[in-house]
Amino acid sequence: MKALLQRVREARVEVAGEVVGSIGPGLLVLVGVEPQDTQDSVSRMLHKLLNYRVFSDGAGKMNLSLRDVAGGLLLVSQFTLAADTRSGLRPGFSTAAPPAQGEALFENLLQQARAQHASVASGRFGADMQVHLVNDGPVTFLLEN
């Protein structure tokens with residue numbers, strides 16, 4: 001599982017002109033599910049997302065987590081994140097999980113996140129989404145299990 005997290009001042013996802021998920025300050029996370037991922041991968045990734053220290057403390061150091069700052073979490077499925085880009089000029093998608101597995105694990109991530117964190121929103125799996133964000137920093141990290 002790969003997660004591209006971006007610290008944001010605000011973010012929202014639209015599908016067909018309708019806002020389906022939005023947050024204020026927090027993390028926008030693009031999630032790519034790979035064939036070898038399991039429920040355990042989901043739990044490990046969520047632990048990282050909620051506890052990864054990417055927010056500044058009073059001294060300006062990245063010492064605070066999403067939990068510490070009670071920020072929003074916007075999860076967006078993005079199978080292209082799992083693409084194989086090592087060779088050629090066109091991505092390969094054999095490294096991404098099949099749609100049914102990807103959706104099941106993404107939905108599990110979303111359910112676990114909602115059970116463990118107060119402010120959680122999401123895009124819509126498999127939809128053509130427009131993602132709007134104000135990146136804070138910018139601060140962007142690629143997390144992998």
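Taking the DSSP beta bridges with both ends in region 2-135, the antiparallel portion is around 70 percent. Please say if region 2-135 is rounded, prolate or oblate, where rounded means a/c under 1.5 for a ≥ b ≥ c the square roots of the C-alpha gyration tensor eigenvalues, and otherwise the choice is prolate for a/b larger than b/c and oblate otherwise? Prolate shape, in that a/c is at least 1.5 and a/b is the bigger ratio. Phi angles across region 30-36 convert, under the Karplus curve 6.51 cos²θ - 1.76 cosθ + 1.60 with θ = phi - 60°, into 3J(HN,Hα) values of 8, 10, x, 9, 10, x, 7 Hz, Gly and Pro given as x.
Using the Stokes-Einstein relation with a Kirkwood hydrodynamic radius computed over Cα pairs, the translational diffusion coefficient of region 71-115 at 20 °C and a viscosity of 1.002 mPa s comes to 178 µm²/s. With helices as the sole contributors, the chain gives -7500 deg cm²/dmol at 222 nm; each DSSP H run of n ≥ 4 counts as -39500 (n - 2.57), and the sum is divided by every residue. Counting every other Cβ atom within 10 Å of each residue's Cβ, GLU103, GLU144, GLU18 order from fewest to most as GLU18, GLU144, GLU103. Put simply, when 91-97, 48-54 are sorted by average Cβ atoms within 10 angstrom per residue, most first, you get 48-54, 91-97. Could you please report the charge total around PRO25, scoring K, R as +1 and D, E as -1 over all other residues with beta-carbon less than 9 angstrom from its beta-carbon? Combined, the nearby Lys, Arg, Asp and Glu give 0.
Computed from the coordinates by the stated procedures, all read-outs in this text should not be read as laboratory data. This one's a predicted model, so the numbers in the text were calculated from it and none came from an experiment. Cβ: placed from backbone, ideal geometry, glycine included. Neighbour counts: every protein chain shown.
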